[in-house]
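Okay, structure first, notes after.
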Amino acid sequence: MSTAAAPPSLTLHRPAVPATARVSAAAPGNATHLSNLDKLFRNRGAAVESCAAPAAVEPAVAGARRRQHPLLRLPSFLARARGEALREDPAAPAMSPRRLERLLQPVAPDGPSPRGNIAAAWRRLHGEDGWRGLLDPLHPDLRREIVRYGELVDAAYGAFLSRPDAEPGHRVRVPLPDAAYRVTAPLFATSSVGLPAWLAAAAPCAAQRTSLVGYVAVCDSAAEVRRMGRRDIVIALRGTCTVLEWAENVRAGLVPATDGHADASPEASKAKVECGFWNIYKTAGERSPSLSEMVVSEVRRLLDQYRGEEVSITVTGHSLGAALAVLIADELAGGAARRAGAPVAVFSFGGPRVGNRAFAARVEARGARVLRVVNAHDVVPRFPPSLPLPGYADVGRELRLDSRASPFLRPDADAACCHDLEAYIHLVDGFLGSHCPFRDNAKRSILRLVKNQGGNVKHLYMSKAKDMRIQLDGGGADMLGRVDMPGAASTVVECVH
């Protein structure tokens, strides 16, 4: 087992504040950090707009074009910077009270969309040809696959929130939404930085360097294996949840991404990735190996166990987890998966940029396929910005969504809502195509959306929720407003490595 050297401390000066204030100051929420990113891009708003529209175009003409073409509209945070008023659309699509009541149930009575047999087409759905012809309009089978992987990421959040202090050797509950999958190993990630001793003493929870970040699961249902045409190994990763992970997020310098695998292209040696993401991926904890070592070891074991079968490897994550998913796919595609002949695909939600153009080219050259699900109004996929940090590049294909297309969300939804995982899954479930309205036969329950993002849901639907006496104060939900759905399978695993 690898052992890690003592981490460098963050450069923090001890403020003269009461001890009670230190704890609250040490653990800002995700909404606070997203708000800060929002402010960053507001300050850059003028530069962004000048690049987006030629000087010869009159403001009124540019505004008209944005209204005619939804994907050209300014994100809500830039619109607010311009002083544009965003109000609820009074002409919300008509919806019967009975259908709305169904959508506000924990699980819609009609159940999820039926899953057809995809055995003949699974390689295309898994990105063999870069999802050509499947994204716009969005193929129904691909939509179901993306929604399912999003729900598996949500289970990674649930596992962390059920026991935030979990360490190797602890038992953790993973609330899997799909009974066809079985968790085989928990995954931990370790920050390379630590808090100063005085701050760690005041906020011990914030000082924890190693945290549960996700899990590895495998489809072990014979019926589901036949339906999908292969056995699917899934690596699911949550987004940022700890103070030290936030500290790593802002370390935006590029560092070499060396993993020891041989590449034919000389350009591969120039691959660089964000310093903070690389540190979280490669740093070993005091009692656990690095995330990289844990993933590679478990995937090798599963590939050996199912040798001779048709096997796929799917890496999925949200926010920070989306960045780590790309790093994992790159390493597996260059090593264990390539030797076993198992295709590797990434389904990421709201992920930031990970590395430079040479890294993006290396991921593609190794055969890993990446589908980035992006909300046009989410600030995180624009980070790190191209200026003043030149060199960053997007990886793979993009499925671009628009939160203003949802009939349930306010058009001026805030930064936290635009980045929320449940909002992403909701948008995927309703997406038909870039020039199509929200899918009117979408069956996914909006209960989690109402509980997670009540202030960003249109008044009509919030009023209906209150009429149905649905608790909107967090009752029955976890720390992120997630609600346990009936029928979800929970797996308890030992965190032993």
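Kindly write out, for segment 144-153 in residue order, the coupling ³J(HN,Hα) from the Karplus curve 6.51 cos²θ - 1.76 cosθ + 1.60 (θ = phi - 60°), rounded to whole Hz, with x marking Gly and Pro.
4, 5, 5, 4, 5, 5, x, 5, 5, 5
Under 30 Å from the Cα of K282, which lysines turn up, not counting those fewer than eight places away in the same chain?
Counting by Cα, and skipping residues close in sequence, K282 has these lysines nearby: K270, K272.
May I ask for the percentage of alpha-carbon pairs in segment 235-348 that lie more than 19 Å from each other?
Beyond 19 Å sits 49 percent of the P(r) for segment 235-348.
First select every other residue whose beta carbon is under 12 angstrom from the beta carbon of V354; then total the charges, Lys and Arg +1, Asp and Glu -1.
Once positives and negatives cancel, what remains is +2.
Quick one: ranking S434, S269 by accessible area, 1.4 Å probe, largest first, what do you get? Spell out each step's value before the answer.
Values: S434 30, S269 95 Å².
From most exposed to least exposed: S269, S434.
When all protein chains stay in place, what accessible area (Å², nearest 10, 1.4 Å probe) is found for L399?
For L399, the solvent-accessible surface is approximately 0 Å².
Got a sec? What order do K282, K464, K458 fall in by accessible area at 1.4 Å, biggest, i.e. largest, first?
Of K282, K464, K458, the descending order of accessible area is K282, K464, K458.
Rounded to the nearest 0.05, what FRET efficiency is calculated for L161 and A365 with R0 set to 45 Å and r the Cβ-Cβ distance?
E(calc), rounded to 0.05, equals 0.75.
How about segment 388-450: which chymotrypsin sites (Phe, Trp or Tyr not before Pro) there lie in a loop by DSSP and see at most 11 other Cβ atoms within 10 Å?
On the way: sites: Y392, F408, Y424, F431, F438; in loops: F408, F431, F438.
Here no chymotrypsin sites (Phe, Trp or Tyr not before Pro) fit, given the DSSP loop and packing criteria.
Using the Karplus equation 6.51 cos²θ - 1.76 cosθ + 1.60 (θ = phi - 60°), what ³J(HN,Hα) coupling, rounded to whole Hz, does each residue of segment 159-166 give in order, writing x for Gly and Pro?
Along segment 159-166, the couplings run 5, 5, 5, 5, 7, x, 8, 4 Hz.
Would you please give the FRET efficiency between R357 and D467, computed as 1/(1 + (r/R0)^6) with r the Cβ-Cβ distance and R0 = 60 Å, to the nearest 0.05?
Rounded to the nearest 0.05, the efficiency is 0.70.
Once you compute Rg and the Kirkwood Rh from C-alpha atoms, what is the Rg to Rh ratio for segment 287-346?
Reported Rg/Rh, Kirkwood definition of Rh: 0.97.
Only loop residues by DSSP count here, and only those with at most 12 other Cβ atoms within 10 Å; note down the trypsin sites (Lys or Arg not before Pro) in segment 291-382 that meet that.
The qualifying sites are R307.
Looking only at segment 130-151, which residues have a backbone nitrogen under 18 Å from a spot 7 Å from the Cα of A121 in the C-beta direction?
130-149, by backbone N distance to the label point.
What residues qualify as long-range amide H neighbours of K272, i.e. H under 5 Å apart, gap of 5 or more or another chain, H built at 1.01 Å from N?
For K272, the qualifying residues are A257, N356, A358, F359.
Please give me the summed charge of the neighbours of E398: other residues whose Cβ is under 15 Å from its Cβ, Lys and Arg +1, Asp and Glu -1.
+2
Can you tell me which lysines have their Cα less than 22 Å from the Cα of K451? Leave out same-chain residues fewer than eight positions away.
Within the straight-line cut-off, K451 pairs with K443, K464, K466.
I'd like the Karplus ³J(HN,Hα) series for segment 280-287: coefficients 6.51, -1.76, 1.60, θ = phi - 60°, whole numbers in Hz, and an x wherever there's a Gly or Pro.
Karplus values, whole Hz, x for Gly and Pro: 4, 6, 10, 7, 8, x, 5, 10.
The values are calculated or read from the model by the stated rules, or taken from the named source; none is laboratory data. Everything quoted here is computed from the prediction, not taken from an experiment. All Cβ positions, even for glycine, are placed from backbone atoms using ideal geometry, and neighbour counts span all protein chains on display. Surface areas here come from the heavy atoms of the whole protein model, side chains and all, with no ligands, DNA or RNA. Shrake-Rupley method; radii C 1.70, N 1.55, O 1.52, S 1.80 Å.
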